[in-house]
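Only one structure is covered here, and it is reproduced in the block below.
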Amino acid sequence: MKYTPLTQKHIDLGAKMAEFAGYNMPISYAGIKEEHHAVRNGIGVFDVSHMGEFLVKGDGSTELIQKVTSNNVTKLSPGEAQYSCLPNKDGGIVDDLLVYRLEDENNAPSYLLVVNASNIEKDWNWISQHNVTGVSMENISDTCGLLAVQGPKAIDALQTLTEVDLSSIKYYDFKVGTLAGIENVIISATGYTGSGGFELYVDNKEMPLLWDFIMKAGEPHGIQPTGLGARDTLRLEMGYCLYGNDIDDTTSPIEAGLSWITKVKKGDFNSQPLFAQQKAEGVSKKLVGFVIEDRRVPRHGYLIEDKDENEIGVVTSGTQSPSLNIPIGMGYVKKEFAAADTEIFIVAGKKRLKAKVVKLPFYKKD
């Protein structure tokens, strides 16, 4: 079992801990529902130091990232980030990731790639095997810490800790500055909750200090330490994909509703011809959101049927939405059942739960 620099703090706070991606991680503290609402309405802080980080620098780095990712990295300027995925050669997804364009070094581009914790070794090996020109790569996952400070009050709390004008950082932009007396913090206006906030990258040894400062600064705003349980309900309300559930090596980004990060006109990259064909001709199945007209919560792997009990798909994610107070889920269905308001049925044991396809996201800000 691996540990983050904050594991003991989570235990001291009484967190419910469990193994996730090989790490001992906090699932909840006060409770998933309470932590969820804290992020939607105020501020919550997640320890996500289990995530993986790779530095890719120097000559050829842009070309390498362009080859292995689906989005167009040439559109990034220093201080900008983009959501992307690593396609395999069969139209599936090795992983989804964030790509940060750092400041150039020695007049050559420099990037930070942030990948899922469970895929660190897999992604490193995948990118490495495409690195045929000797581009500089460094896996800093074991030394890079990451806090996600999320919610509408995050900016008010964090602004007291830095002279960087946080309000000037646009969505999916970032700045590098001093925060809580810690230098060279990457302050990124990104997150996985849909409620605003920032993700902060620092050296692992700075994590306990950063955590303490943020918890103190957030006290007037009702800050809550927040675990992976609420992280899942928050992301699902937004219709954000979770690798291993909603996307994997067998699912196409076009099927998953990720056409917008799949730039088939940018030039050669893995599975580009297949994705171009899927965009032109359509796909046979699509990832959709649905709400259930019942109290039962849909679970990963439940079958989806039409009214005549024909199998038409499978559930990939499901939960009881704390914001909407109804069961919600996502799953792949045959394309003819993917339109909003289509009636479908979720098979839960011997029971068939009536459901309706809806447009994502489930949660919309007032």
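No lab work stands behind these numbers, since they all come straight from the coordinates. The structure presented is a predicted model; accordingly, all values stated were derived computationally and were not measured. Here Cβ is always computed from backbone atoms with ideal geometry, including for glycine, and neighbour counts include all displayed protein chains.
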Dipole size in debye (nearest 20) for the chain around its Cα centre, Lys and Arg Cβ +1, Asp and Glu Cβ -1?
1140
Which peptide among 167-179, 223-235 comes first, and what is the full order, when sorted by highest mean count of other Cβ atoms within 10 Å?
223-235, 167-179
Could you work out the equivalent-ellipsoid semi-axes for the chain, taking the square root of 5 times each eigenvalue of the Cα gyration tensor, largest first, in whole Å?
33, 28, 17
Considering only 93, 120, 182, give the residue with the highest GNM mean-square fluctuation for the chain, with springs between Cα atoms whenever their separation is below 10 Å.
182
Whole percent per 5 Å bin, from 0 to the bin with the longest distance: what is P(r) over all C-alpha pairs of segment 1-132?
2, 9, 17, 17, 15, 13, 13, 9, 5, 1
Amide H neighbours of residue 136 under 5 Å, at least 5 residues apart or on other chains, H built in the peptide plane: list them.
57
CD proxy at 222 nm, helix term only [per DSSP H run n ≥ 4: -39500 (n - 2.57); per residue of the chain; nearest 500]:
-5500 deg cm²/dmol
Between residue 173 and residue 309, what is the FRET efficiency for a Förster distance of 45 Å, r being their Cβ-Cβ separation, to the nearest 0.05?
0.35
Using 10 Å bins from zero, what percent of all Cα-Cα pairs in segment 1-71 falls into each bin?
17, 34, 21, 21, 8
Tally the DSSP beta bridges in the chain and give the antiparallel ones as a percent, rounded to 5.
95
Using a/c under 1.5 as the rounded threshold, could you call segment 295-366 rounded, prolate or oblate? The axes a ≥ b ≥ c are square roots of the C-alpha gyration tensor eigenvalues, and prolate needs a/b larger than b/c, oblate otherwise.
oblate
Placing one identical point scatterer on every Cα of segment 173-263 and ignoring solvent, what is log10 I(q)/I(0) from the Debye formula at q = 0.19, 0.23, 0.25 Å⁻¹?
-1.04, -1.22, -1.31
Sorted by packing (mean other beta-carbon atoms within 10 Å per residue), highest first, where do 283-296, 52-65 land?
52-65, 283-296
